Amino acid sequence: MLMNLLSSCAPVVDYSGPIANAVPASASIKSQIVRDARDILLDPYSIRDAEISGVATFADGTQGVCVKANAKNATGGYTGRQNIAVSISKGMLVGHTKGSTLCARPDVIYKPFPELEALANL
């Protein structure tokens with residue numbers, strides 16, 4: 001009973017507006033994501049099927065963008081497309097969350113991200 005009361009008091013955040021009003025990621029944000037992929041992924045040079053969402057600005061002023069891609073894991077096999085939520089503050093990447101439920105929402109619109117796939121050509 002107490003858990004039901006506590007959960008009913010938790011604020012419900014509606015992400016529909018920020019997602020609908022997302023703007024395309026700038027060239028700077030994209031290049032930062034490509035740069036950081038080298039540190040985040042085990043085999044960034046194997047990336048394929050990469051996509052990026054628009055940048056959403058939330059009520060508290062924070063921003064975020066979602067990236068989906070398929071890359072090889074530690075054993076050399078492809079993992080299937082996984083998503084990463086990237087946090088942005090003042091035009092700089094400040095963190096990421098792999099497997100974000102926010103990025104898995106059906107209303108998040110993705111577009112091809114060829115700049116990330118270009119790592120395979122290095």
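The values are calculated or read from the model by the stated rules, or taken from the named source; none is laboratory data. This structure is a prediction, so every number in the text was calculated from the model and none was measured. Calculation scope for accessible area: heavy atoms of the full protein, side chains included, ligands and nucleic acids excluded. Shrake-Rupley method; radii C 1.70, N 1.55, O 1.52, S 1.80 Å.
Scoring residue 3 on the criteria (1) open to solvent by 80 Å² or more (accessible area, probe 1.4 Å); (2) at pLDDT 90 or above; (3) of a type outside the set (S, T, N, Q) leaves a single failure, condition (2).
Taken over region 14-44, the criterion of being open to solvent by 80 Å² or more (accessible area, probe 1.4 Å) and part of a loop (DSSP other than H, G, I, E, B) is satisfied by 14, 21, 24, 42. Of all residues in region 103-122, those that are farther than 18 Å from residue 27 by Cα and modelled with pLDDT under 95 total 3.
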